Amino acid sequence: MSDTSESPVSPAGPTAVAPRLHLSQRGLCICLFLMVAAGLSVYAMFPERVGGPPLPVAVELGEGAVPTADGAGNVLTEVIVLTNLTDHPIPRFSIEINDQYLLIRDAPLAAGERLELPQRVFTDKRSNHRFNPIKYPVEAVTLTGQLPSGARGVTRFLFEDGVITHSH
């Protein structure tokens, strides 16, 4: 007698096997990418809610002379003035107006640097619309950047009629 292993067949016929769902390697990568993208978008949209140690930067609102696009002269416009209060640069520096208009600066904010930016250069996070300081007053400014410890610093300033009412 030979020792062959055959699967037994039931009198009712072969047994049915339920189909199983399989996720391909590509599908897994897409799912992981979407999860990371969702987390980063929440982080970018609500930085003050994520928290972190305070960022030592002063903020002022006012008017300043800014060069015109053609370089022929200067024009007086609404500006936001930022001053690094530390003796070290702040890399990964971003500024947000009214939780909607964002400017990410490529260059670090140098130690002691005073930076004057026209408010109209800030762009809506969800579209390409620019901030209009005539139409909308600045109510909040949120600053984020990397501290020397590597931690992400966050400071939020609240304004009323161009004057700081609260910071945290």
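Read-outs: derived from the displayed coordinates by stated rules, not from any lab. Not measured: the values here are computed from a predicted model. In this analysis, Cβ positions are derived from the backbone assuming ideal geometry, glycine residues included, and neighbour counts consider all displayed protein chains.
Give the number of residues within the range 86-102 that are among the acidic types (D, E) and outside any strand (DSSP E or B).
Residues that pass the stated criteria total 2.
Check off (1) part of a strand (DSSP E or B); (2) surrounded by 13 or more Cβ atoms within 10 Å (Cβ to Cβ) for P137 and give me the number that stays unchecked.
Result: P137 passes all but (1).
For the condition touching a residue at least 24 places away in the same chain (Cβ under 8 Å) and within 23 Å of P91 (Cβ to Cβ), what is the one hit in P148, P137?
P148 is the lone residue from the list that is touching a residue at least 24 places away in the same chain (Cβ under 8 Å) and within 23 Å of P91 (Cβ to Cβ).
Go through the range 140-152 and give me each residue that's part of a strand (DSSP E or B) and out of contact with any helix residue (DSSP H, G or I) (no Cβ under 7 Å at 6 or more places or on another chain).
Across the range 140-152, the qualifying residues are A140, V141, L143, G145, Q146, R152.
Please identify the pairs in which a residue from the range 154-168 that is closer than 23 Å to I104 by Cβ has its Cβ atom under 9 Å from the Cβ atom of a residue that is part of a loop (DSSP other than H, G, I, E, B) and aliphatic (A, V, I, L, M), counting only partners at least 6 apart or on another chain.
V154/L55; T155/L55; F159/V138
Of all residues in the range 105-122, how many are in contact with a Lys or Arg (Cβ under 8 Å, 6 or more places away or on another chain) and surrounded by fewer than 16 Cβ atoms within 10 Å (Cβ to Cβ)?
1
Please specify each residue of the range 103-130 satisfying the condition of being more than 20 Å from L147 (Cα to Cα) and not in a loop (DSSP other than H, G, I, E, B).
Hits for the range 103-130 are E116, L117, P118, Q119, R120, V121, T123, D124, R130.
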